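Reading through the structure tokens given below for one structure.
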Amino acid sequence: MKFIYGLVLLSLFVFNSLYAQIAVGADYVPAEWAEVKFDSLAIINRMAYADTANFMHEKIYPCARCYLRPEVAEALLEANEIAKDKGVTLVIYDCYRPYSYQYKMYEIVNNPTYVAKPGKGSNHNRGAAIDLSLVDKDGQLLHMGGAFDDFSAISNYAANGLTKEARKNRRLLRRIMIRAGFNPYEGEWWHFDYKQKRYETSDFRWDCE
């Protein structure tokens, strides 16, 4: 009888454990991650690798969701407020990139000029980097002198041949992000790294609703 009672308790325990996993659902996010909610923050979602409209012409992410480490997300919220005060809006191209997706991108491109070798991972793989630009009050992208993921020399922040307007807009984006706690990357005007803390490379992958 004790044996049967023990089996019943074990079955209940297993059932409850499975139920808890199911109840968490597709929206479960570990505590070490925070999702950027585009609509509620009035940030524009242009997640490039969740579509085929990127330099690889392949969809890498299953859906266009932006995750960052919580401290990085807080810094982005600050950048968002600074941008609003200046009459512009943030446009997000890329956030956290799971390590396995980095590997997939490198397999497709196989050129470190365009995609970093997976190796120990990049700040994108750590949830501490973000690619972005700005739009004006009419929703038009500010002229930056070159497009996101243009891997020619024009993407360098201080590239030769930039117009006054492009230099002004790049400077505006850089000032917003530096004030919020990010470091710019000279080789890509759109790329910024969170400078306050270093994180481990991760392969956390989000679900799609």
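The values are calculated or read from the model by the stated rules, or taken from the named source; none is laboratory data. None of these values were measured; they are calculated from a predicted model. Cβ placement follows ideal geometry from the backbone for every residue including glycine, while neighbour counts extend to all protein chains displayed.
Return the residues of the stretch 42-54 that are among the hydrophobic types (A, V, I, L, M, F, W, C), touching a residue at least 24 places away in the same chain (Cβ under 8 Å) and buried (at least 16 other Cβ atoms within 10 Å of the Cβ); say none if nothing qualifies. If the condition is that a residue be among the hydrophobic types (A, V, I, L, M, F, W, C), touching a residue at least 24 places away in the same chain (Cβ under 8 Å) and buried (at least 16 other Cβ atoms within 10 Å of the Cβ), then Ile43, Ile44, Met47, Ala48 are the ones that fit. Residues that are farther than 17 Å from Val91 by Cβ and among the hydroxyl-bearing types (Ser, Thr, Tyr) within the stretch 145-184 comprise Ser152, Tyr157, Thr163, listed in sequence order. Tell me, which residue of the stretch 105-136 that is basic (Lys, Arg) and either at pLDDT below 90 or in a loop (DSSP other than H, G, I, E, B) (or both) is nearest to Met56 (Cα to Cα)? So the residue we want is Lys117. Step by step: first the residues of the stretch 77-104, then only those that are among the aromatic types (Phe, Trp, Tyr) and part of a helix (DSSP H, G or I), then the one that is surrounded by the fewest Cβ atoms within 10 Å (Cβ to Cβ). Which residue is that? Checking each candidate, the answer is Tyr103.
For every residue, the table says whether it meets (1) touching a Pro at 6+ places or on another chain (Cβ under 8 Å); (2) crowded, with 18+ Cβ neighbours inside 10 Å; (3) not in a helix (DSSP H, G or I).
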{"residue": "Asp138", "(1), (2), (3)": "no, no, yes"}
{"residue": "Phe148", "(1), (2), (3)": "no, yes, yes"}
{"residue": "Ala158", "(1), (2), (3)": "no, no, yes"}
{"residue": "Arg167", "(1), (2), (3)": "no, no, no"}
{"residue": "Arg198", "(1), (2), (3)": "no, no, yes"}
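May I ask you to list pairs of residues, at least six apart or on different chains, whose Cβ atoms are under 7 Å apart, with the first in the stretch 152-174 being closer than 20 Å to Leu76 by Cα and the second being outside any helix (DSSP H, G or I) and among the polar types (S, T, N, Q)? Note: pairs meeting the criteria are Leu173/Ser133.
Would you check if Val115 is more than 13 Å from the chain's Cα centre (by Cα), crowded, with 19+ Cβ neighbours inside 10 Å and farther than 23 Å from Pro30 by Cα? So Val115 fits the description; yes. Annotation note: Cβ proximity below 6 Å between a residue of the stretch 104-117 that is under 20 Å from Arg205 (Cβ atoms) and a residue that is of a type outside the set (Phe, Trp, Tyr) and in a helix (DSSP H, G or I) (sequence gap 6+ or interchain) occurs for Val115/Met105; Val115/Val109.
Being assigned to a helix (DSSP H, G or I) and of a type in the set (A, V, I, L, M) is the filter here, so list the residues in the stretch 171-192 that pass it.
Step one: list which residues in the stretch 171-192 are assigned to a helix (DSSP H, G or I), which gives 171-179.
Across the stretch 171-192, the qualifying residues are Leu172, Leu173, Ile176, Met177, Ile178.
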